[in-house]
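Trainee: Here it is, the structure, as structure tokens.
The values are calculated or read from the model by the stated rules, or taken from the named source; none is laboratory data. Please read all numbers here as calculations on a predicted model, not as lab measurements. Neighbour counts are summed over all protein chains in view; Cβ atoms, including those assigned to glycine, are modelled from backbone coordinates with ideal geometry. Protein only, heavy atoms only, side chains kept; ligands, DNA and RNA dropped before computing areas. Shrake-Rupley method; radii C 1.70, N 1.55, O 1.52, S 1.80 Å.
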Amino acid sequence: MPALTPDTIRTLTETLSDLTDYLRESPDPVEALALVEPLLDEYTGLPVQLADTLRALARAVQEHPDTPRTTQVDLLITELRTAAWEQTDQHTLHYVLDDLRDLYGTTAASEQGDGRCP
């Protein structure tokens, strides 16, 4: 795995921004769904990944020996964990995709075995 840098993460967020811009141009809904599907996957989608990332950051800060042991730091760690739970709650957005697929009659992702539960 290549080393992660702030620039590699920025590239990812720029790609997401490009997707948002594209969706604002009113593309075909079936194509739009296909592009958004990976972001809202029940197991590997953005809400789940962001929640895991926030939890990992909280753990890294909390367990680092140079982190001051103060009430303020404890509150910051709690805020990260709370935000992680809020993101985890968003994992159910994949059900919206299921309903949209039904609306447009698309089943390509399901037939390809995307790992979603039936």
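Trainee: FRET efficiency for Thr78 and Thr11, Cβ-Cβ distance as r, R0 = 41 Å, nearest 0.05? Kindly include the intermediate steps, with their values, before the conclusion.
Mentor: Numbers: r = 31 Å, r/R0 = 0.75.
With R0 = 41 Å, the Cβ-Cβ based efficiency is 0.85.
Trainee: Read phi for every residue in the stretch 87-104 and hand back ³J(HN,Hα) as whole Hz from Karplus 6.51 cos²θ - 1.76 cosθ + 1.60, θ = phi - 60°, with x for Gly and Pro.
Mentor: 5, 4, 4, 7, 4, 6, 4, 5, 5, 4, 4, 4, 5, 5, 4, 4, 4, 9
Trainee: Something else now. In sequence order, what are the phi-derived ³J(HN,Hα) couplings for the stretch 67-76 according to the Karplus relation 6.51 cos²θ - 1.76 cosθ + 1.60 with θ = phi - 60°, rounded to whole Hz, with x for glycine and proline?
Mentor: Listing the rounded values in order: 6, x, 9, 10, 4, 4, 5, 4, 5, 5 Hz.
Trainee: Let me have the relative contact order for the chain, percent, based on Cα pairs under 8 Å that are six or more residues apart.
Mentor: Working: 72 pairs, mean separation 37.2, N = 118.
Relative contact order here is 32 percent.
Trainee: In nm, what is the difference between 0.36 nm times the number of residues separating Asp102 and Leu35 and their Cα-Cα distance? Before the final figure, lay out the partial values.
Mentor: Working: separation 67, 0.36 × 67 = 24.12 nm, distance 1.63 nm.
Result for the pair: 22.5 nm of gain on full extension.
Trainee: Calculate one ³J(HN,Hα) per residue across the stretch 22-35 by plugging θ = phi - 60° into the Karplus curve 6.51 cos²θ - 1.76 cosθ + 1.60, and present them in order as whole Hz with x for glycine and proline.
Mentor: These are the phi-based 3J(HN,Hα) values: 4, 5, 5, 8, 6, x, 4, x, 5, 5, 4, 4, 4, 6 Hz.
Trainee: Arrange the residues Glu14, Glu42 by how much accessible surface each exposes, largest first, with a 1.4 angstrom probe.
Mentor: On the way: Glu14 105, Glu42 30 Å².
Most to least solvent-accessible, the answer reads Glu14, Glu42.
Trainee: Note the direction-averaged projected area, equal to a quarter of the hull surface, for the Cα convex hull of the chain, in nm². Can you show the working numbers first?
Mentor: On the way: hull surface 38.8 nm².
That works out to 9.7 nm², a quarter of the Cα hull's surface.
Trainee: Okay, next question. Per the 1.4 Å probe, what fraction of the accessible area of the stretch 1-112, in percent, lies on carbon and sulfur atoms? List each step's numbers first, then the result.
Mentor: Working: 4800 of 8120 Å².
C and S fraction of accessible area: 59 percent.
Trainee: For the chain, what does the accessible surface come to per residue with a 1.4 Å probe? Please give it in Å². Don't skip to the answer; put the middle values down first.
Mentor: Details: 8580 Å² over 118 residues.
With the other protein chains kept in place, the chain gives 73 Å² per residue.
Trainee: A further question on this structure: So what does log10 I(q)/I(0) come out to for the stretch 1-59 at q = 0.28 Å⁻¹, using the Debye formula with one equal point on every Cα and no solvent?
Mentor: -1.19
Trainee: Go ahead and estimate [θ] at 222 nm for the chain from helices alone: -39,500 (n - 2.57) per DSSP H run with n ≥ 4, summed, over the residue count, rounded to 500. Walk me through the numbers on the way to the answer.
Mentor: Details: 6 runs with 79 residues, N = 118.
Value at 222 nm, helices only: -21500 deg cm²/dmol.
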